[in-house]
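Below is one structure; the comments refer to it alone.
FYI, it's all coordinate maths here, none of it is from the lab. Nothing here was measured: the structure is a model prediction, and the numbers come from that model. Because the Cβ atoms are built from the backbone with ideal geometry, glycine has one as well, and the counts that use them run over all protein chains shown.
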Amino acid sequence: MSKRLVIIGAGIGGLGTAGLFAKKGYDVTVLEKNATLGGRANVFEADGFRFDMGPSWYLAPDLFEHYFNLVGERVSDHLDLVRLSPSYRIFFNNDPEPLDINSDIEIDSATFEAIEPGSAKRLRAYLKQSEYQYGIATQHFMYKNYDTIFDFFNRRVMTEGQKLSVFSKMHSFVSRFFKSRKLQQVMEYTMVFLGTSPYDAPALYNLMSHMDFNQGVFYPRGGFYELINALARVCEKNGAVLRTDSPVAEIIVENGVTTGVCLADGEIVEADIVISNADIWFTETKLLAEKWRTHPQKYWDKRVMAPSAFIMYLGVNEKLPNLTHHNLLFSEDWRKNFDDIYKDPCLPDEPSLYVCAPSVSDAWVAPDGKENLFVLVPIASDLKMTEDEKETYSDRVLALMEREMNLPGLREKIVYKRLYTVDNFAADYNAFKGSALGLAHTIWQTAIFRPNNVSKKVKGLYYVGAGVNPGIGTQICLISAELVYKRVHGITSAEPLNSI
Ligand SMILES: Cc1cc2nc3c(=O)[nH]c(=O)nc-3n(C[C@H](O)[C@H](O)[C@H](O)COP(=O)(O)OP(=O)(O)OC[C@H]3O[C@@H](n4cnc5c(N)ncnc54)[C@H](O)[C@@H]3O)c2cc1C
């Protein structure tokens, strides 16, 4: 008889896990509290616009391909990936000249050289280092479950650690290569993807530059949610049952062993193994009785949270030729921007922000002649805002975009607007402190120091998703799915699996 496995939550980690175990022959049921699958990678439609609600950067295509291969599929059978050109555009406050990154070393090094003489050569050296680190990380570190400090501080880390820059900070590392503020910002902005600041992140994360500069930036035609549709197809093809509108209220534990879950309406779903993809703080403190928690609430109170986000989904009644698919606006006072998020939480006056305009490359996501905009301002998690404050802030951000991104009259052109922020993340996804991304990637919340994917107190209970190893990001949550698969099957290797 096949083993019964229940997965709580249909985020990328939950769906990814369901696909692997269903393929292996387990009897898999996924229970998702919301009406739609995908978790933070969700979607909604309004007035002819189709808005991806969360992720929009399809980076590291090799990691997605690896996952699909494990479940016997090819990405190209499911997704029509477009390589974006330019990859993204950066606007700088009080500077009329935006800068395009093309993920083409000849073009990008010329762009760098024009800003800082001598930097073309240094860019090549930097990207070589990023590529090396990416290779080491993906082949030897990211696909490994860590149990003891000795697993992490082994000979390989100690010998490679210096080369891998595990022990220095991102900003000092970048400053060794580039002196101009602009170029430093270009190399550091990806730290926001990891929910941390370049002043706190280990320099190891310069491997992110390998993804956007060397590998390129991709977009699944139809929108990012096509990835969720693909993962759901793989699950169902292998027999997994995906249930929406099914909030779990309790993980049932008998004599230290889980026997299943109880839904909010009292239904019991029995299981031999329970894997929770819900926010790990929520799982531990709300779904388990106190004696079965691996960590008490005070452990969570001490965690450093990644930012939340102030998001605007906008329908605009005309095309905006000044924008490309991905656009970033960087504020002049970079450090203050990060302090507003991490040190002295407040709404940034002059925020750095991100604008995705998928309708630039995909006619399907907006009515003819209109533009679909996703505007994201990273803000501190747990920040409280009244509805009036949200409206006022939205107007301020739009005014900033009009001025600094050369979008005159933008506010008059908006035909659809929805705001989404801290309280929405908390309500929709049970997110601790309403964080958009979960636990930040500080050095003390990386690898062995991130919560483990197996309960210390309850046999048969596991965790998957951004809150455990390796952490935040869609493709990274698919690695988390593979790690929980390895954990259940007692596989201790450091390398990605060749097959399941
Ligand atoms: C605005 C935004 C932009 C992002 N941009 C990118 C990007 O461009 N590229 C990228 O790679 N990554 C990006 N990310 C990060 C990435 O989206 C996340 O790291 C990833 O989607 C998290 O997946 P997860 O597996 O941790 O699950 P989650 O998405 O957190 O899903 C957990 C699921 O559990 C469900 N759940 C919670 N409680 C219960 C319960 N009691 N019962 C049943 N179900 C429950 C929730 O409803 C949810 O569906 C972005 C994230 C956000 C928010």
request  = Check the straight Cα-Cα distances from Lys291 and name the aspartates and glutamates below 15 Å, setting aside those fewer than 8 residues away within the same chain.
outcome  = Glu250, Glu254
ask   = Considering every pair of different Cα atoms, what Kirkwood radius, in Å, is found for the stretch 347-496?
value = 18.6
inquiry  = Please list log₁₀ I(q)/I(0) at q = 0.12, 0.22, 0.26, 0.27 Å⁻¹ for the stretch 395-472, using the Debye equation with identical point scatterers on the alpha-carbon positions.
reply    = -0.59, -1.00, -1.13, -1.16
key: Cβ crowding within 10 Å averaged over residues, with 411-420, 460-469 ranked highest first   = 460-469, 411-420
task = Give, rounded to the nearest 20 debye, the magnitude of the charge dipole that the chain has about its Cα centre when Lys and Arg contribute +1 at Cβ and Asp and Glu contribute -1 at Cβ.
result = 1680
query = Mean shadow of the stretch 312-359, computed from the convex hull of its alpha carbons, in nm²?
reply = 4.2
request  = Obtain the nm distance between the two label points defined at Glu45 and Lys459 by a simple spin-label model: each point lies 7 Å from its Cα along the Cα-to-C-beta direction.
outcome  = 4.9
task = Could you pull out every residue, at least 5 positions away or on a different chain, whose amide H is within less than 5 Å of the one on Gly467? Hs are placed 1.01 Å off N in the peptide plane, and Pro or chain starts have none.
result = Ile280
query = So which lysines can Lys128 reach, going by Cα to Cα under 20 Å and dropping same-chain residues fewer than 8 places off?
reply = Lys163, Lys169, Lys179
remark   = For the Asp245, Ser172 Cβ pair and Förster radius 51 Å, calculated FRET efficiency rounded to 0.05 is 0.55
ask   = To the nearest µm²/s, what D does Stokes-Einstein give for the stretch 202-287 at 25 °C and 0.890 mPa s, using the Kirkwood radius over alpha carbon pairs as Rh?
value = 147
ask   = Arranged from highest to lowest average of other beta-carbon atoms within 10 Å per residue, in what order do the peptides 435-446, 130-141, 288-299, 398-409 appear?
value = 435-446, 130-141, 398-409, 288-299
inquiry  = What does the extension gain come out to for Glu332 and Glu290, with contour length at 0.36 nm per residue minus their alpha carbon separation?
reply    = 10.4 nm
task = Please give, to one decimal in nm, the separation of the simple spin-label points placed at Arg396 and Thr259, each 7 Å out from Cα toward the Cβ.
result = 5.5
key: Cross-link reach list, lysines versus Lys413, counting only Cα pairs under 26 Å and skipping chain neighbours closer than eight places   = Lys319, Lys370, Lys390
key: Karplus-derived HN-Hα couplings along the stretch 325-342 (A = 6.51, B = -1.76, C = 1.60, θ = phi - 60°), whole Hz, x at Gly and Pro   = 4, 10, 9, 10, 10, 9, 6, 6, 8, 4, 5, 4, 4, 6, 5, 4, 8, 9
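If packing is taken as the average count of other Cβ atoms within 10 Å, what order do 77-86, 470-479, 32-41 fall into, highest mean first?
470-479, 32-41, 77-86
So for the stretch 323-389, Kirkwood radius off the Cα pairs, Stokes-Einstein at 4 °C and 1.567 mPa s: how many µm² s⁻¹?
For the chosen part, D equals 95 µm²/s.
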note = PRE zone check, label point 7 Å out along Cα-to-Cβ of Lys319, amide N under 19 Å, scope the stretch 368-382, hits 368-374
message = Rounded to the nearest 20 debye, what is the charge dipole size of the stretch 363-408 about its Cα centre when +1 sits on each Lys and Arg Cβ and -1 on each Asp and Glu Cβ?
response = 120
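Just subtract the alpha-carbon distance of Asp104 and Asp147 from 0.36 nm times their residue separation and send over the number in nm, one decimal.
11.5 nm
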request  = Go from 0 up to the bin containing the longest alpha carbon distance in the chain, width 10 Å each, and give me the % of pairs per bin.
outcome  = 4, 20, 31, 28, 14, 4, 0
remark   = Proxy exposure order for Cys356, Cys235, Cys262, Cys346 (fewest C-beta within 10 Å first) is Cys346, Cys262, Cys356, Cys235
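Write down the percent of antiparallel bridges among all DSSP beta bridges whose residues are both part of the chain, to the nearest 5.
Percent antiparallel among DSSP bridges in the chain is about 70.
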